[in-house]
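The values are calculated or read from the model by the stated rules, or taken from the named source; none is laboratory data. Predicted, not measured: the structure shown is a model, and the values here were computed from it. Counting neighbours? That spans all protein chains shown, and the Cβs are built from the backbone with ideal geometry, glycine included.
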Amino acid sequence: MPRARIVRWENIMPKKSKLTRSKTPRAKEVQVLVGTRKGGFLLRSDERRKNWKVEGPLFPGWEVNHLVRDPRSGRLWAALNVSWWGNDLQVSDDGGQSWQKTCTGLEFAPERNLKLNRIWQVTPDRDSRPDTLWCGVDPGALFRSDDSGKNWYELRSLTEHPTREKWQPGGGGMMVHTIVPDPNHPQRLYVGISAAGCFRSDDDGNSWQPFNQGVRADFLPDTFPDVGQCVHRMVLDPQRPDVLYQQNHCGVYRSPDSAASWEDISEGLPSRFGFPIVAHPHQPGTLYVVPAQAAQFRFTPDGRFRVFRSKNGGRSWQALTRGLPQENAWLLVLRHAACADPCDSAGIYVGATTGEIFYSTNSGDSWALMPFHLPPILSLEAAVA
């Protein structure tokens, strides 16, 4: 495992930083954690002005599939993959200056005859369980740690689900890429699996049920199957946690009832296909998507880079273009490469596979381009210090 290398500038980053737990903090130092195909980067700016600073690359040469800060402890987690070295999960207690391996048990037992192909997502649990974390992997499996990541175990209740034979790999493999703990129900957890759909557990992961009613799977003989849908990304409405949204291979959907049913809210978008979806941190019903041309092309429709915003739960959509390239912009934003920060006027961030990061400091009304040319963006996460 190569040692993380960090390029530092004076007074960019303190050795340790504490994150505020306020729901709508004023912007102080905003931190954007970037996972790319060639390492991880930490971006920082005071008051989200134009003087963004960059640290990195962390883990140069590795695919950093997910780089995230645990808001409960301030620890950083890095999900790493590279074809010739394998997979790794690393943690930092000092803001990224040093890293330790922490993946004991993050593997399948030999008799399982399953290979860990990729670590996709690391998700902290609720504040009430500060030592619990979740980890989603390919091939379609979920791992859990109850000791702050020192040891992990597979939730075989999901891997051995009775519908497993109907699951199929999507373009990126068959993976648990989205993990959503329900803040109002301590035993409830959602996962998104490509290509299997949305699954929900109401008993802390001991059992699972598919929740895909109303979601299309146009690539299957049965357009509305119980399982087999290709969900690309799924989020809760932070202000109304019984409301969920998903960007799917076959449309954008809203659930008003904790995923029991889904409504198609794709009308008004230039394409039903896309990868990311972001919920505004404190405006209920406000969400963002970045449509892509049909699945076989996977770039922005008409060469115009537009972020689409809805302020009414997907009933109507507005194309956000101010500051975004509207000619010859054949870009793609992957499922984890968009996020929001929790500031009063929320910052929205989207990163392209060509290395650009566009950001807005006013909930999407206008946009700017960060002054960096990074490797292809795999994931973005934002926090405020």
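Would it be correct to say that residue 344 is within 25 Å of residue 71 (Cα to Cα), of a type in the set (D, E, K, R) and surrounded by fewer than 21 Cβ atoms within 10 Å (Cβ to Cβ)? Before the answer, list the steps.
Details: within 25 Å of residue 71 (Cα to Cα): yes; of a type in the set (D, E, K, R): yes; surrounded by fewer than 21 Cβ atoms within 10 Å (Cβ to Cβ): yes.
The answer is yes for residue 344.
Could you grab me the full set of residues in region 268-280 that are surrounded by fewer than 20 Cβ atoms within 10 Å (Cβ to Cβ) and either in contact with a Ser or Thr (Cβ under 8 Å, 6 or more places away or on another chain) or part of a strand (DSSP E or B) (or both)?
Once the filter is applied, which keeps residues that are surrounded by fewer than 20 Cβ atoms within 10 Å (Cβ to Cβ) and either in contact with a Ser or Thr (Cβ under 8 Å, 6 or more places away or on another chain) or part of a strand (DSSP E or B) (or both), region 268-280 yields only 268.
Restricting attention to region 203-224, does a residue exist that is under 28 Å from residue 116 (Cα atoms), in contact with a Gly (Cβ under 8 Å, 6 or more places away or on another chain) and either surrounded by fewer than 20 Cβ atoms within 10 Å (Cβ to Cβ) or among the aromatic types (Phe, Trp, Tyr) (or both)?
First pass over region 203-224, keeping only residues under 28 Å from residue 116 (Cα atoms): 203-212, 217, 219-220.
Now restrict to residues that are in contact with a Gly (Cβ under 8 Å, 6 or more places away or on another chain): 210-212, 217, 220.
Checking the rest, the ones that are also either surrounded by fewer than 20 Cβ atoms within 10 Å (Cβ to Cβ) or among the aromatic types (Phe, Trp, Tyr) (or both) come to 211, 220.
Checked region 203-224: at least one residue is under 28 Å from residue 116 (Cα atoms), in contact with a Gly (Cβ under 8 Å, 6 or more places away or on another chain) and either surrounded by fewer than 20 Cβ atoms within 10 Å (Cβ to Cβ) or among the aromatic types (Phe, Trp, Tyr) (or both).
Conditions (1) of a type in the set (S, T, N, Q); (2) under 23 Å from residue 379 (Cβ atoms), marked per residue:
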site: 221; (1), (2): no, no
site: 234; (1), (2): no, yes
site: 247; (1), (2): yes, yes
site: 263; (1), (2): no, no
site: 280; (1), (2): no, yes
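Taking region 39-59, which residues are surrounded by 18 or more Cβ atoms within 10 Å (Cβ to Cβ) and not in a strand (DSSP E or B)?
Initially, region 39-59 is screened for residues surrounded by 18 or more Cβ atoms within 10 Å (Cβ to Cβ), giving 39-45, 48, 52, 54-59.
Result: 48, 52, 59.
Quickly run through region 229-239 and pick out the residues that are at pLDDT 95 or above and either among the acidic types (Asp, Glu) or over 19 Å from residue 120 (Cβ atoms) (or both).
Matches in region 229-239: 237 only.
Being in contact with a Pro (Cβ under 9 Å, 6 or more places away or on another chain) and either modelled with pLDDT under 95 or surrounded by 20 or more Cβ atoms within 10 Å (Cβ to Cβ) (or both) is the filter here, so list the residues in region 149-173 that pass it.
Result: 161, 169, 173.
Go through region 128-158 and give me each residue that's among the charged types (D, E, K, R) and closer than 19 Å to residue 170 by Cα. Walk me through how you get there before you give the answer.
As a first pass, look at region 128-158 and keep what is among the charged types (D, E, K, R): 129, 131, 138, 144, 146-147, 150, 154, 156.
Listed by number, the list holds a single entry, 138.
Consider region 283-309. How many of its residues are out of contact with any Lys or Arg (no Cβ under 9 Å at 6 or more places or on another chain) and within 19 Å of residue 362 (Cα to Cα)? I'd like the intermediate steps shown before the answer.
Within region 283-309, the subset out of contact with any Lys or Arg (no Cβ under 9 Å at 6 or more places or on another chain) is 293, 295-299, 301-309.
This time we only want the ones that are within 19 Å of residue 362 (Cα to Cα), so: 305-309.
Of the residues in region 283-309, 5 are out of contact with any Lys or Arg (no Cβ under 9 Å at 6 or more places or on another chain) and within 19 Å of residue 362 (Cα to Cα).
Just checking, does region 61-72 include any residue being in a loop (DSSP other than H, G, I, E, B), within 18 Å of residue 378 (Cα to Cα), hydrophobic (A, V, I, L, M, F, W, C) and over 18 Å from the mean Cα position of the chain (by Cα)?
From region 61-72, those in a loop (DSSP other than H, G, I, E, B) are 61-62, 70-72; that's our starting set.
Of the ones still in play, those that are also within 18 Å of residue 378 (Cα to Cα) are 61-62.
Then keep just the ones that are hydrophobic (A, V, I, L, M, F, W, C); that gives 62.
With the extra rule that they be over 18 Å from the mean Cα position of the chain (by Cα), the set shrinks to 62.
Checked against the condition, which is being in a loop (DSSP other than H, G, I, E, B), within 18 Å of residue 378 (Cα to Cα), hydrophobic (A, V, I, L, M, F, W, C) and over 18 Å from the mean Cα position of the chain (by Cα), region 61-72 yields at least one hit.
Looking at (1) of a type in the set (S, T, N, Q); (2) assigned to a loop (DSSP other than H, G, I, E, B); (3) surrounded by 20 or more Cβ atoms within 10 Å (Cβ to Cβ), find the lone condition where residue 178 falls short.
Here residue 178 clears every test but (2).
Mind counting the residues in region 284-315 that are free of Cβ contacts under 8 Å to residues at least 24 places away in the same chain, closer than 18 Å to residue 337 by Cβ and among the aliphatic types (A, V, I, L, M)?
Summing the residues that are free of Cβ contacts under 8 Å to residues at least 24 places away in the same chain, closer than 18 Å to residue 337 by Cβ and among the aliphatic types (A, V, I, L, M) in region 284-315 gives 0.
Which numbered condition trips up residue 192, out of (1) in contact (Cβ under 8 Å) with a residue 60 or more places away in the chain; (2) touching a Ser or Thr at 6+ places or on another chain (Cβ under 6 Å); (3) buried (at least 24 other Cβ atoms within 10 Å of the Cβ)?
The single condition residue 192 does not satisfy is (1).
Out of region 213-227, which residues are charged (D, E, K, R) and either more than 14 Å from residue 273 (Cβ to Cβ) or outside any loop (DSSP other than H, G, I, E, B) (or both)? Talk me through it step by step, then tell me what you get.
The first filter runs over region 213-227 and keeps only residues charged (D, E, K, R), leaving 216, 218, 222, 226.
Passing the criteria: 222, 226.
Out of all the residues in region 72-89, is one or more within 21 Å of residue 234 (Cα to Cα) and out of contact with any strand residue (DSSP E or B) (no Cβ under 6 Å at 6 or more places or on another chain)?
So far as region 72-89 goes, no, none of its residues is within 21 Å of residue 234 (Cα to Cα) and out of contact with any strand residue (DSSP E or B) (no Cβ under 6 Å at 6 or more places or on another chain).
Kindly establish whether residue 252 is closer than 25 Å to residue 222 by Cβ, at pLDDT 95 or above, β-branched (Val, Ile, Thr) and part of a strand (DSSP E or B).
Numbers: closer than 25 Å to residue 222 by Cβ: yes; at pLDDT 95 or above: yes; β-branched (Val, Ile, Thr): yes; part of a strand (DSSP E or B): yes.
Yes.
Let me spell it out: the conditions are (1) touching a strand residue (DSSP E or B) at 6+ places or on another chain (Cβ under 7 Å); (2) buried (at least 21 other Cβ atoms within 10 Å of the Cβ), and residue 318 meets all of them except one. Which number is the exception?
It fails just one condition, (2).
Applying the selection to region 26-38, what residues are in a strand (DSSP E or B) and either surrounded by fewer than 24 Cβ atoms within 10 Å (Cβ to Cβ) or among the charged types (D, E, K, R) (or both)?
At the first step, the residues of region 26-38 found to be in a strand (DSSP E or B) are 29-36.
Correct list: 29, 31.
What number of residues within region 41-88 are touching a Ser or Thr at 6+ places or on another chain (Cβ under 9 Å), modelled with pLDDT of 95 or more and either of a type in the set (Val, Ile, Thr) or over 24 Å from residue 131 (Cβ atoms) (or both)?
Total meeting the criteria: 5.
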